[in-house]
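Participant: What follows is a single structure, and I will ask about it in a moment.
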Amino acid sequence: MAEWKEYNIHINREATEAVSNILLELGSSGVSVSDRKDFLTLPEYGFDTLWALDENDFPVDGVLIKGYFYEEPAENKTREVLVERIEALKAFDLDIQDFKVETEDVIEEEWANAWKKHYHPVPVTRYMTIVPQWEDYEKQHDEEKIIYLDPGLAFGTGTHPTTKLCLQALESNLRGGEYVLDVGTGSGVLTIASALLGASSIDAYDLDDVAVKSALDNVNLNQLDAEIAIKPNNLLNGVNVQADMIVANILAEIILMLVPDAYKNLKPGGLFLSSGIIIEKKETVLDSLKKSGFEIEQIHQMSDWIAILARKPEEDE
């Protein structure tokens, strides 16, 4: 009977995205995050969540990140490498002084499909609903847009505050016909939302091959492959285009590296939407955007997370 090794990392909230990516880069078949704030805070646009929540599953402080590895050999050094990679995040000024890594064996027969019963459709904006691919779901109103995702795939389900902030900003600012760049696409949820909101062309990039595969699968699930191109790339390195909008839902430290290339690849008047910014890094990101020439249009907050919408000035301003 096949066994999986479950890795449980108890760490502070700011490191969520980075540790999730490390697990996936090491070969995890999926990642889940338990954050007590998700349990205690009701969604803005409904009372359901994609994952049916049980308070006992949530740590009192920090987050619990789980990764799953299939039939590891006895000599496998995944745990050792995982700890080393997490320690290396200190170079990015992440507060990870105290974290714990534990492992547990999981029998595939008991786990492989049982988790699906906990997932349900969830409204993430006034007009967008994320639906697990196996769920039968009918639109609640004519203007509702449905994003189908496979929550078993990596890089999240679209319900994290950073992603919700991006989805709301996309819904408010896309008018149709835009050329959009999605940097660090992950599951592809922002790319899919952009297409559903009328963007005529989207180029999505991610450095990790697992993320590229995840995004491609979800784009195909939504039958949007004609509008979307997903490519492996390190941020916007080597990209030279003129986009109407660039969206990046990644760590604040990575956004700081991206800002100059984002400015270069936007049309005059184009928008740069950045999220994944913990509140303590807000002013640092704002300063970087302003120094590069951006004008700050909007700042939005949900829980401890910030999203910033900035505009490249028109040429005659």
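Participant: Quick one: which strands (runs of 3 or more DSSP E) sit completely within the range 199-291 and have at least 3 residues that are over 17 Å from E178 (Cβ atoms)?
Facilitator: Once the strands (runs of 3 or more DSSP E) in the range 199-291 are filtered for at least 3 residues that are over 17 Å from E178 (Cβ atoms), what remains is 228-232, 266-278.
Participant: Kindly indicate the residue of the range 164-186 that is under 20 Å from L236 (Cβ atoms) and within 14 Å of the chain's Cα centre (by Cα) and also surrounded by the most Cβ atoms within 10 Å (Cβ to Cβ) among those meeting that condition.
Facilitator: That would be T185.
Participant: Let me ask another. Taking the range 2-17 as the search range and keeping residues that are in a strand (DSSP E or B) and among the β-branched types (V, I, T), which one is surrounded by the most Cβ atoms within 10 Å (Cβ to Cβ)?
Facilitator: This residue is I9.
Participant: A follow-up question, please. Is it the case that some residue within the range 112-123 is closer than 19 Å to P161 by Cα, at pLDDT below 80, of a type outside the set (D, E, K, R) and assigned to a loop (DSSP other than H, G, I, E, B)?
Facilitator: Yes; the residues of the range 112-123 include at least one that is closer than 19 Å to P161 by Cα, at pLDDT below 80, of a type outside the set (D, E, K, R) and assigned to a loop (DSSP other than H, G, I, E, B).
Participant: Output the residue which, of all residues in the range 18-36 that are of a type in the set (S, T, N, Q) and buried (at least 18 other Cβ atoms within 10 Å of the Cβ), is nearest to M302 (Cα to Cα).
Facilitator: This residue is S34.
Participant: Hey, E75 hits all of (1) out of contact with any helix residue (DSSP H, G or I) (no Cβ under 7 Å at 6 or more places or on another chain); (2) of a type outside the set (S, T, N, Q); (3) in a loop (DSSP other than H, G, I, E, B); (4) modelled with pLDDT of 75 or more but one; which does it fall short on?
Facilitator: All conditions pass for E75, except number (4).
Participant: For residues that are among the β-branched types (V, I, T) and touching a His at 6+ places or on another chain (Cβ under 9 Å), scanning just the range 273-317, find the one that is surrounded by the most Cβ atoms within 10 Å (Cβ to Cβ).
Facilitator: I306
Participant: Which residues, counting only those in the range 243-259, are modelled with pLDDT of 95 or more and either touching a helix residue (DSSP H, G or I) at 6+ places or on another chain (Cβ under 9 Å) or buried (at least 18 other Cβ atoms within 10 Å of the Cβ) (or both)?
Facilitator: A243, D244, M245, I246, V247, A248, I255, L256, L258, V259
Participant: Here's a follow-up. May I ask you to verify whether L170 is touching a helix residue (DSSP H, G or I) at 6+ places or on another chain (Cβ under 9 Å), part of a helix (DSSP H, G or I) and hydrophobic (A, V, I, L, M, F, W, C)?
Facilitator: yes
Participant: Residue check: is S303 modelled with pLDDT under 95, of a type outside the set (D, E, K, R) and within 20 Å of T125 (Cβ to Cβ)?
Facilitator: Answer is yes for this residue.
Participant: Could you please give the count of residues in the range 188-198 that are free of Cβ contacts under 8 Å to residues at least 40 places away in the same chain and closer than 14 Å to V247 by Cα?
Facilitator: Of the residues in the range 188-198, 2 are free of Cβ contacts under 8 Å to residues at least 40 places away in the same chain and closer than 14 Å to V247 by Cα.
Participant: Answer yes or no as to whether S20 is among the polar types (S, T, N, Q), modelled with pLDDT under 80 and outside any loop (DSSP other than H, G, I, E, B).
Facilitator: No.
The values are calculated or read from the model by the stated rules, or taken from the named source; none is laboratory data. Worth saying up front: this structure is predicted, and the values here are computed from it rather than measured. Positions of Cβ are backbone-derived with ideal geometry, glycine not excepted, and every protein chain shown enters the neighbour counts.
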